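Q: First the structure, which I've put down as structure tokens, then a few questions once you've had a look.
The values are calculated or read from the model by the stated rules, or taken from the named source; none is laboratory data. Computed from a predicted structure; not experimentally measured. FYI the Cβ positions are ideal-geometry reconstructions off the backbone, even for glycines, and counts take in every protein chain you see.
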Amino acid sequence: MSKKQISNSNLDPSAPGLSHIGTGATGDAEARMVDVGQKAITERTALASATLIFPPGILSEIEAGAGPKGSLSALLEVARVAGIMGAKRTGDLIPMCHPLGLDHVEISYLRPGPDTLEVQCLASCTGKTGIEMEAMTGASLASLTIYDMAKAMAKGIRIESVRLLEKSGGKSGVWRSGLGD
């Protein structure tokens, strides 16, 4: 199956939703940082998640202390720090993402099944632009850290479904996944 090559000349800078693409001097699409200078300062929050799927029994082995990096609780605490640090550094990691002064970042864990771990990142700030990327980055970095610390037991751990669950603040107000995505 052939794949279509994407280049600047294939992008339509006037397409809706491409906030970080403008028109350059030659008329081609050009990357740009969105100007948030005139936006209102509002309280903003975002909740994101990432799901780790472990091969059968591996998560239970880690929980029982059989992992090379210690107990599950130790692994999750290291991942929590990585997720918080990742959220704080989002502006350095993602081009055109405004650096934000975060008010709060919280990493939590859910266990929806015996071989599944869900990482959630709740982030908040008072500012002129959204905090969704910080929440998704926090969930992603925590998940990658869990994979790194558990990979000696199973390379087949999968990180799936990094997604925004909800956000509030700004011009668009409240949004929740599943309610008119």
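Q: If I ask for residues that are under 17 Å from A79 (Cα atoms) and in a loop (DSSP other than H, G, I, E, B), which ones from region 31-54 would you list?
A: Of everything in region 31-54, just one residue is under 17 Å from A79 (Cα atoms) and in a loop (DSSP other than H, G, I, E, B), namely F54.
Q: Please determine whether any residue of region 62-80 is at pLDDT 90 or above, within 26 Å of G130 (Cα to Cα) and surrounded by 14 or more Cβ atoms within 10 Å (Cβ to Cβ).
A: Yes.
Q: Please go through region 154-169 and pick out each residue that is assigned to a loop (DSSP other than H, G, I, E, B) and either outside the structural domain of L52 (by TED's automatic domain parsing) or under 20 Å from E106 (Cα atoms) (or both).
A: Step one: of region 154-169, the residues assigned to a loop (DSSP other than H, G, I, E, B) are 154-157, 169.
Listed by number, the list holds a single entry, G169.
Q: Pairs, please: C-beta under 7 Å, at least 6 apart or cross-chain, first residue farther than 12 Å from L47 by Cβ and in region 104-120, second surrounded by fewer than 17 Cβ atoms within 10 Å (Cβ to Cβ) and modelled with pLDDT under 95?
A: Final answer for the pair search is P114/S60.
Q: Consider only pairs whose beta carbons are under 7 Å apart and that are at least six residues apart or on different chains; among these, list those whose first residue lies in region 57-75 and is more than 12 Å from A154 (Cα to Cα) and in the same structural domain as A154 (by TED's automatic domain parsing) and whose second residue is in a helix (DSSP H, G or I) and among the acidic types (D, E).
A: The qualifying pairs are L72/E63.
Q: Quick check: anything in region 15-26 over 30 Å from Q120 (Cβ atoms), surrounded by fewer than 17 Cβ atoms within 10 Å (Cβ to Cβ), at pLDDT 70 or above and out of contact with any Gly (no Cβ under 7 Å at 6 or more places or on another chain)?
A: yes
Q: Given the residues S161, S172, S168, S124, which is the only one that is in contact with a His (Cβ under 9 Å, 6 or more places away or on another chain) and either without any contact (Cβ under 8 Å) to a residue 40 or more places away in the chain or of a type outside the set (F, W, Y) (or both)?
A: On the way: S161 fails: in contact with a His (Cβ under 9 Å, 6 or more places away or on another chain); S172 fails: in contact with a His (Cβ under 9 Å, 6 or more places away or on another chain); S168 fails: in contact with a His (Cβ under 9 Å, 6 or more places away or on another chain).
Only one candidate qualifies: S124.
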